[in-house]
1. Looking at region 124-172, which of its residues are in a loop (DSSP other than H, G, I, E, B) and among the hydroxyl-bearing types (S, T, Y)?
2. Scan (1) farther than 29 Å from K80 by Cβ; (2) part of a helix (DSSP H, G or I); (3) not acidic (D, E) for the single condition L204 breaks and write down its number.
3. Six or more apart or on different chains, Cβ atoms under 7 Å: show the pairs whose first residue is in region 120-137 and touching a residue at least 12 places away in the same chain (Cβ under 8 Å) and whose second is surrounded by 11 or more Cβ atoms within 10 Å (Cβ to Cβ) and small (G, A, S).
4. Can you say whether K99 is modelled with pLDDT under 90 and at positive phi, as far as the supplied structure shows?
5. Looking for something within 26 Å of T163 (Cβ to Cβ), surrounded by fewer than 12 Cβ atoms within 10 Å (Cβ to Cβ) and not assigned by TED's automatic domain parsing to the domain that holds E48 - is there at least one such residue anywhere in region 241-253?
6. May I ask you to list the residues in region 138-169 that are among the basic types (K, R) and free of Cβ contacts under 8 Å to residues at least 40 places away in the same chain?
Amino acid sequence: MSVLQEASENVAKRDGVDLESFVWKTEKVKTIDGRIIQNEVKLIDCNEEQLKKFYAHCNTMLWNEDKANPGRNILLEIIKDQIIRCNTELFLRDLEKNKLMGRFKFVTSIRSVLDNNPGINPKDLVLSDVTGGCLDEFKDLPLSIVIDGALDRLGKFNSQHITLPFILKHGLWFTQQEIKDLNEIGEDGNLRNRVDVVKERLGLKSHINIHLTPKGLSYAQMRACITLKSKKYTELTTDQLLILRNRILFSLEDLVNLHIKSWESRKDQLIAIAEAKNFNIV
């Protein structure tokens, strides 16, 4: 019995790591009384088939190619592409705003350069390779995507991952002008709470919590995010493009990177358990 006990303890501890602490959380279930429960399973107690199932689930969460529910690594590439496309549309609007060049003139000028240099592949170039004096924030844009933007071929922005809870987690902070603009007198003759005014103007339910923080979004930025819909990049407002490019998509990128680290860590735990029990799950 002592030999068996020692062998069991050796399995439970490997390289100084307590494998007993590794758990797998099952799917959340809503009870009849409305409570959300989630059970835990000790990985050390799982058989080979269970560990294989958990390992496959990790890979699905990381690499699933389903467009409706992409894996985190796939989503990360989607976000990077969205940042580029938002910035491309902003560049083209900047051209028009400053009356430097319209989209038609820009495309014809670029195509003239490419026609005179048939050995050049636009996919190998960035904007600064063919134009001078553009702002630093635009100079590294892939030329092929800028051409697509000028021809209205940027496609549709998918907003499904920018959820209301994700937006509200950023918090809210008013600009000086917004403090004035959001002043409203209630029926009792007193000044209304500005957060309540914001909820009303944005069509949010009164029980939703919006926390105030100096790091938060301005009211205009929050409105741009909450009113965001999946539509063509050319149909997004400039405010929406700016807050997406400058903050929201980077925040989403950070969140997805955390998810990736979490799933990779679970894979490492599963492999450690499998090796300790002489299972093959990969």
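The values are calculated or read from the model by the stated rules, or taken from the named source; none is laboratory data. The structure displayed is predicted, hence computed values, not measured ones. A quick note on method: Cβ atoms are made from the backbone with ideal geometry, for glycine too, and the neighbour counts reach across all protein chains shown.
1. T131, S159, T163, listed by residue number.
2. Of (1) farther than 29 Å from K80 by Cβ; (2) part of a helix (DSSP H, G or I); (3) not acidic (D, E), only one is false for L204: (2).
3. P122/S144; K123/S144; C134/S128
4. In short, yes.
5. No - not one qualifying residue is present in region 241-253.
6. Residues satisfying the conditions are K139, R153, K169.
Condition check ((1) among the charged types (D, E, K, R); (2) assigned by TED's automatic domain parsing to the domain that holds A272; (3) at pLDDT below 80; (4) loosely packed, with under 10 Cβ neighbours inside 10 Å) across all residues:
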residue	(1), (2), (3), (4)
N10	no, no, yes, no
F22	no, yes, no, no
K28	yes, yes, no, yes
R35	yes, yes, no, yes
E40	yes, yes, no, yes
D45	yes, yes, no, no
Q50	no, yes, no, no
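Condition check ((1) within 30 Å of I260 (Cα to Cα); (2) not polar (S, T, N, Q)) across all residues:
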position	(1), (2)
P70	yes, yes
E77	yes, yes
Q82	yes, no
F91	no, yes
N121	no, no
F138	yes, yes
